[in-house]
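Any read-out appearing in this document is the output of simple, stated calculations on the displayed coordinates, not a laboratory observation. It should be emphasised that the depicted structure is a prediction, and the values quoted were computed from it without experimental measurement. Here the Cβ positions follow ideal geometry from the backbone for every residue, glycine too, while neighbour counts run over all protein chains shown.
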Amino acid sequence: MRGALGFVLFVLVLYGASALVHFAMWRWLRWVAPGFTRRRRVPLLASLAVLFLLPVGRDVSILFPEFNAFRSLAAVGMLWHITVWLTMAAVGVGRAAALLIGLLRRARATPSDCPSPSRRVVLEQLGGAAAFAASSGALTWGALRGRYEWAVEEVPIRLASLPRALDGFTIVQLSDLHVGTFVGERELGMGLALVDRLRPDLVAITGDLIDVDRRFVPLAARRLGALRARYGTYCVPGNHDYYTGAKAVFDGMTQAGIEVLSNRGKVIAPGDGGFALLGVDDLSAHQRGGAGPDLVRARNGIPPHLATVLLAHQPRFAPAARAAGIDLQLSGHTHGGQINPGFRPIDLFFRYVSGRYDVGSMQLYVNRGFGTAGPPARLGAPPEITKIVLVAG
């Protein structure tokens, strides 16, 4: 219950902040185009209201899947919200720069150099139009192309305790598929075809298999269960799997032959000396009736001398894993920022975002994710399929 209330509060805060940004945009439009907005006030406000509410179409499409149009309308609405944020951010930066330049010129006693009010309006009109065009164009590309351009990243990882017989062992990591409204049969077919070409020894899925709708569990289970790997396919839950319903996700994956390592471990390739593949529950699980991560349980019955590879959805579990002596942690969750407009805003909130990190003596790899959460677009963070190559010694 507490987790559900937290999620509702998060959505309300997000929409509240977006409402303030939309209000700021309306005020700005009235300043740069007073005549136009005055003459068309009602249709403009009505259009803004419709665009603001369009993301609700995603929830309608979940409740009434036969109405496919709502899925497209929701995508347009989500992209519109981000476009408004980016445009107003650019306008804000432009205004701050103009204010700073004006202050510097006044300090040098050259007020005649300051732009006139009419010139300022023209400059803001041009700058705002350019920012809107650039943002909407980039996001449209991210929706139509960017989210389909999977990158296969080959990453060698040296493990001191790995037996020589397992040198070159390959783990294909998938993460954050978010199968649901915007990731369906087509997207799975395109991306998972790349996995089959890699001929992995093992497939590891680090959470968020489903977005929020449990009706997509059979589709995800069928497609993921069809992957071929010598030592099988394993997964751990992510926060979105708990939003969906962890039991439904676990049961679907298990029935498809995918082993769920939620606070469990297994020795892989014991005949060649082996290594320990461990998995932990998601950090948010206790908010939705789950156990939460428990490395002690995951290591129960695992020989202590083996090299350890841990599947944990959220990278911020890394300090706990390092303290427990884990050799390698594989994570996802961050999507590499998913939408990065020339920089990576997520860096303000997350220490580990994408790629390989050294966390003390432990190595951490964060996958950028397969699908999308929220807006169905990727910009500056292509979807990723990771080929981990384990190196002995």
When the charge dipole of the chain is computed with +1 at the Cβ of Lys and Arg and -1 at the Cβ of Asp and Glu, the Cα pointing farthest to the positive end, of L144, G279, G238, is that of L144
When the helix-only estimate is applied to the chain (DSSP H runs of n ≥ 4, each -39,500 (n - 2.57), divided by the residue count), what is the mean residue ellipticity at 222 nm, nearest 500 deg cm²/dmol? -14500 deg cm²/dmol
Would you pull out the residues with amide H under 5 Å of F275's amide H, same chain only if 5 or more places away, H placed 1.01 Å from N? I268
Dmax and Rg, reported as Rg then Dmax, of the stretch 35-103 (C-alpha, Å): 17.1, 58
Looking at the stretch 115-271 only, what percent of DSSP beta bridges run antiparallel? Nearest 5 please. 0
Within the chain, which is the longest segment containing none of the trypsin sites (Lys or Arg not before Pro) that sit in a DSSP loop and have at most 16 other Cβ atoms within 10 Å? 231-350
The summed charge of the D358 Cβ neighbourhood (under 14 Å; Lys/Arg +1, Asp/Glu -1) stands at +3
Amide proton proximity set for R158, modelled H, under 5 Å, gap of 5+: V391
Sorted by chain and then number, the residues having a modelled amide H within less than 5 Å of the amide H of A381, at least 5 places away or on another chain, are N340
Work out the charge dipole of the stretch 2-144 with +1 on the Cβ of Lys and Arg and -1 on the Cβ of Asp and Glu about the Cα centre, then indicate which of F10, G57, W26 is farthest towards its positive end. W26
Placing +1 on each Lys and Arg Cβ and -1 on each Asp and Glu Cβ in the chain, then taking the dipole about the Cα centre, the residue among M78, A130, L390 whose Cα reaches farthest towards the positive end is A130
Counting only complete DSSP H runs, which helices of the chain cover 24 Å or more along their long axis at the Cα atoms and score a mean Kyte-Doolittle of 0.0 or above? 2-32, 69-107, 117-144
Under a point-charge model restricted to the Cβ atoms of Lys and Arg (+1) and Asp and Glu (-1), what is the dipole moment magnitude of the chain relative to its Cα centre, in debye to the nearest 20? 1500
Just to be sure I understand: with springs between alpha-carbon atoms less than 10 Å apart, which residue in P376, P218, P237 has the highest mean-square fluctuation in the Gaussian network model of the chain? P218
Linear extension gain, A291 paired with I101, 0.36 nm per residue minus alpha-carbon span: 62.8 nm
Largest fluctuation, G92, G374, G337 only, Gaussian network model of the chain with Cα springs under 10 angstrom, belongs to G92
